[in-house]
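Here's the structure, in structure tokens; my notes come after.
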Amino acid sequence: MLAHVRSAALNGIDAYPVEVEVHSGWGDTVIVIVGLPDAAVRESRDRVSTALTNSGFKFPMGRTTINLAPADVKKEGPSFDLPIALGLLAASEQLETQRFDEFLVVGELALTGAVRPCKGVLPVALCARAEGRRGVIVPAENSAEAAVVDGLEVIPVQNLREAAQFLEGEIHIPPVRVDVTTLFDQPTEDDVDFAEVKGQESVKRALEIAAAGGHNVLLIGPPGTGKSMLAKRLPTILPPLTLQEALETTKVHSIVGLLRPGQALVTRRPFRAPHHTASDAGLLGGNINPTPGEISLAHNGVLFLDELPEFKRSVLETLRQPLEEGHVTISRAAGTMTFPAHFMLVAAMNPTPDGKMPGESRCSPREIQNYLGRVSGPLLDRIDLHVEVPPVKFREISAERTGEPSAAIRERVVAARRRQQQRFAHKPRITCNARMGPREIKQFCALDETTRALLQHAMAEYQLSARAYDRILKVARTIADLAGAEHLTADHVSEAVQYRTLDRQIWG
């Protein structure tokens, strides 16, 4: 007998439908899986056969052929265990149902027949809705994740027998429902706050500008000046995720398996801080079967690279394309994958190998130049703000007065982002000033003659590149948004220019 069960597989951060065809016939008792299965899928025949026996079902005798269609795309992971087991039951006439076409089924089976959670359930749920299915049958621990997809019945199952009884109509399993609005309304208490940072008012101002416009930042200063402390508090002043951003971020975390059991959505902006020993594949993603790396896990959040020159130069150069395009494309023998990578880059570094400023360092000019040369000029041009982080004075450290709290700064940031959303309402791909293209810069960053002359002088004085020119205008636009100004003025441009001079003073 032939049975058809609907399932899905992952391709990048999206899922595509897979039809599990199971045919049970005469011959020696053997299970053959075809359709380009990987090792985990091939091993499912052993898990499924044991799970069937321990769940009180009969193992089908004779030759059983399982085809995963489309047959020309490689299938990965253990999520096909449950659909294969249900197909075997239907093909051996132990399960009679007409409901296979209504649901997409995914789930890993334990040897006891229990259904274990699997990765990528949110993309599978989105695929089911796109296919016009009534719902999905998923592991109970993944049900909240799938339930954020509107217009879909999410059926949580604990074990194989429960799934079979539901499909036969013997039992009723109420669909899981999640109120997305409630998820975003839940109060969040940050472990860190800008109020804890003593001094460094100029650096706080730069980070406020970066958060308001989604700009990349480089913090340069001696050890112990608070670079890491400031960077870790940046997410506390970023605007909250929108539903679309939360779905995109959750999809990435889901396929990597970073969601907690029962977690429905990632509702806070990610903060990723890979070690400087990270490889190209660790940062960009890759391996034999391409999976997201750190820059995709930081999508819609912050990627913090501490001790920037200590990263391999080849690793740093791979950041150039994602910083410009907002996605990363990985080509391997197994295929080509594109992952989202819209993130704020926050980097920190010492100005010299011994951590002191160039005029105070005991390192030779060649040693300093070799150290700074690990960070290329093209990468620096893609960082909007270069900020000096000076040592904190004793009177600031010992002062009892606390700094401005993150909540107050975030209010100004959210107000500035709101102005940008109104400005780019007809351009959905642009969500903040940092993502403006040449056309938007020309339209929204017009300069009067006085301001144009000021910028021309700064470009010549500091030998800035054409890309730096665009970055200055984007930052100036953000400064104007924070001030509630409609047009750019010389004050806005002057402040933006000062965030491009430090790199020339050190690197030049």
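Decide, for the range 1-116, between rounded, prolate and oblate: order the square roots of the alpha carbon gyration tensor eigenvalues as a ≥ b ≥ c, take rounded if a/c falls under 1.5, and otherwise choose prolate if a/b is larger than b/c, else oblate.
Rounded, because the longest to shortest axis ratio a/c is under 1.5.
Just for the range 88-193, what percent of DSSP beta bridges are antiparallel, to the closest 5?
Bridges in the range 88-193 that DSSP calls antiparallel: roughly 25 percent.
Divide by every residue of the chain the summed helix terms, -39500 (n - 2.57) for each DSSP H run of at least 4, and state the resulting mean residue ellipticity at 222 nm, rounded to the nearest 500 deg cm²/dmol.
Estimated from H runs of four or more residues: -11000 deg cm²/dmol.
Excluding ligands, DNA and RNA, what is the solvent-accessible area per residue of the range 292-409 at a probe of 1.4 Å, expressed in Å²?
That works out to 45 Å² for each residue.
Would you kindly find the accessible area of GLU396, with a 1.4 Å probe and non-protein molecules such as ligands, DNA and RNA excluded, rounding to the nearest 10 Å²?
Spelled out: GLU396, probe radius 1.4 Å, area about 70 Å².
Run through the DSSP bridge list for the chain and note the antiparallel percent, rounded to the nearest 5.
Antiparallel: roughly 50 percent of the beta bridges in the chain.
Using a 1.4 angstrom probe with every protein chain in place, what is the largest-first accessible-area order of THR249, THR450, THR188, THR329?
Putting THR249, THR450, THR188, THR329 in descending order of accessible area: THR450, THR188, THR329, THR249.
Let me check something: with ligands and nucleic acids excluded, how do PHE311, PHE394, PHE57 order by accessible area (1.4 Å probe), largest to smallest?
PHE394, PHE57, PHE311
Summing Lys, Arg as +1 and Asp, Glu as -1, what charge do residues with Cβ under 12 Å from the Cβ of LEU473 carry, LEU473 excluded?
That sum, taken over residues with Cβ under 12 Å, equals +4.
Between their Cα atoms, which of LYS74/LYS119; LYS204/LYS232; LYS227/LYS474; LYS198/LYS232; LYS204/LYS393 are more than 21 Å away from each other?
Among LYS74/LYS119; LYS204/LYS232; LYS227/LYS474; LYS198/LYS232; LYS204/LYS393, the Cα-Cα distance tops 21 Å for LYS227/LYS474.
What is the sum of charges, Lys and Arg at +1 and Asp and Glu at -1, for the other residues whose Cβ falls under 15 Å from the Cβ of PRO17?
Local charge sum for PRO17: -2.
Taking 0.36 nm per residue of separation and subtracting the Cα-Cα distance, what length does fully extending GLU196 through GLN443 add?
Full-extension gain reported as 84.9 nm.
Ordering ARG134, ARG362, ARG439 by accessible area with a probe of 1.4 Å, largest first, what comes out?
Descending order: ARG362, ARG439, ARG134.
Over the range 112-246, average the accessible area per residue using a 1.4 Å probe and give it in Å², no decimals.
On a per-residue basis, 40 Å².
What does the net charge come to around ARG6 if you take all other residues with beta carbon closer than 9 Å to its beta carbon, with K and R at +1 and D and E at -1?
Net local charge, ARG6 excluded: -3.
For the chain, find the longest principal axis of its Cα atoms and tell me its angle to the long axis of helix 81-91, 0 to 90°, nearest 10.
It is inclined by approximately 20 degrees.
How would you classify the range 363-411 from its alpha-carbon gyration tensor, with a ≥ b ≥ c the square roots of the eigenvalues: rounded for a/c under 1.5, else prolate if a/b is greater than b/c, otherwise oblate?
oblate
Need one word for the range 72-115: rounded, prolate or oblate. Basis is the Cα gyration tensor (sqrt eigenvalues a ≥ b ≥ c); a/c below 1.5 gives rounded, then a/b vs b/c decides.
oblate
The values are calculated or read from the model by the stated rules, or taken from the named source; none is laboratory data. Since the structure is predicted, the reported quantities are computational estimates derived from the model, not experimental observations. No Cβ is skipped: glycine too gets one built from the backbone with ideal geometry, and neighbour counts run over all protein chains shown. Side chains included, ligands, DNA and RNA excluded: accessible areas come from the protein's heavy atoms. Shrake-Rupley method; radii C 1.70, N 1.55, O 1.52, S 1.80 Å.
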